[in-house]
1. For region 222-247, which residues satisfy the criterion of being part of a helix (DSSP H, G or I), under 23 Å from the mean Cα position of the chain (by Cα) and either modelled with pLDDT of 75 or more or exposed (fewer than 11 other Cβ atoms within 10 Å of the Cβ) (or both)?
2. What pairs come up if the first residue lies in region 10-31 and is in contact (Cβ under 8 Å) with a residue 60 or more places away in the chain, the second is of a type in the set (K, R), and their beta carbons are under 8 Å apart, counting only those six or more places apart or on different chains?
3. Being surrounded by fewer than 13 Cβ atoms within 10 Å (Cβ to Cβ), aliphatic (A, V, I, L, M) and free of Cβ contacts under 8 Å to residues at least 12 places away in the same chain is the filter here; which residues of region 42-75 pass it?
4. Give me the residue from region 14-41 that is part of a helix (DSSP H, G or I) and small (G, A, S) and, out of that set, surrounded by the fewest Cβ atoms within 10 Å (Cβ to Cβ).
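The values are calculated or read from the model by the stated rules, or taken from the named source; none is laboratory data. All figures in this text were calculated on a predicted structure; none of them were measured in a lab. We place every Cβ from the backbone using ideal geometry, glycine too, and count neighbours over all the protein chains shown.
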Amino acid sequence: MANELDEITGPTDRDGRDINVISKQIRVEVGSGSRIFEIALWTVGTIPGLFILLTGSMPALQAILILLAGTLPGLIFLFMKINALAYLRKLQQKIQADASQIDNYLEQRVMILQNVVGLVEKSIDLDTDVMKTVAAYRGGQNPAADTGRNETSQQLDGIFSRINLAFEAYPDLKAHSAIADAMRQNSYLQKEITAARTLYNDTVAIWNQDIFAWPTKQIVAARAGYTTRLPFIASAETKEQARSTFF
């Protein structure tokens with residue numbers, strides 16, 4: 001028998017396809033079968049014991065013991081539901097903690113980027129003016145370039161270096177190293193955000209699976225009105241940028 005999905009000879013989509021997360025929460029529901037199941041746990045064992053007790057076919061003590069033993073499945077399932085509810089509530093708290101971790105990293109990244117903006121504003125004007133001056137001399141826009149372009153270029157290179165040295169030495173405008181450090185922090189936070197989002201999505205996946213685990217968790221989730229949760233979703237802009245050519 002051949003494989004149902006054959007990646008060698010089977011039909012393929014050469015154009016590929018885009019995968020999107022469906023932004024829809026599914027409510028957990030249970031049917032009449034679950035209700036019958038719960039009733040059966042309480043009645044299948046108790047009805048014979050009650051019948052024996054009422055008919056007197058066995059000593060009363062034995063009939064009572066049989067009746068009590070018949071309630072065990074219902075009692076066990078009741079405790080299972082209590083544990084399931086506690087588990088799902090604990091899982092909810094973990095989802096909130098994972099989401100909060102993402103927010104913390106995002107807040108740190110915003111603060112770093114705000115600092116970078118301030119640093120760039122201080123340095124870009126200076127560097128832009130210097131680069132414009134250098135470009136003007138090297139492009140022949142200065143009269144001196146007609147007679148000694150190479151000499152002028154060397155002089156401007158020296159001036160450019162001295163300006164950069166003075167710029168780096170000035171405490172308030174030591175932007176280049178600060179920007180580089182900020183960019184390293186930003187890169188680190190990007191990795192941490194990616195890891196935090198993965199952890200969040202993993203926890204959400206566990207939640208979405210467990211609330212449909214019949215009978216215990218699904219019945220509890222349905223009674224509590226729980227729904228599935230949405231994993232982290234990349235924006236359309238991010239997806240479009242991911243398709244761009246970077247190099």
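1. At the first step, the residues of region 222-247 found to be part of a helix (DSSP H, G or I) are 222-224, 236-242.
Within this subset, residues satisfying the condition of being under 23 Å from the mean Cα position of the chain (by Cα) are 236-242.
Matches in region 222-247: A236, E237, T238, E240, A242.
2. That search, which allows pairs on different chains as well, returns D18/K239; Q25/R229.
3. L54, A60, L61, L75
4. The initial filter retains those residues of region 14-41 that are part of a helix (DSSP H, G or I), namely 32-41.
Cutting the leftovers down to small (G, A, S) gives us 32-34, 40.
Working: S32: 7, G33: 10, S34: 16, A40: 12.
Only one residue fits best here, namely S32.
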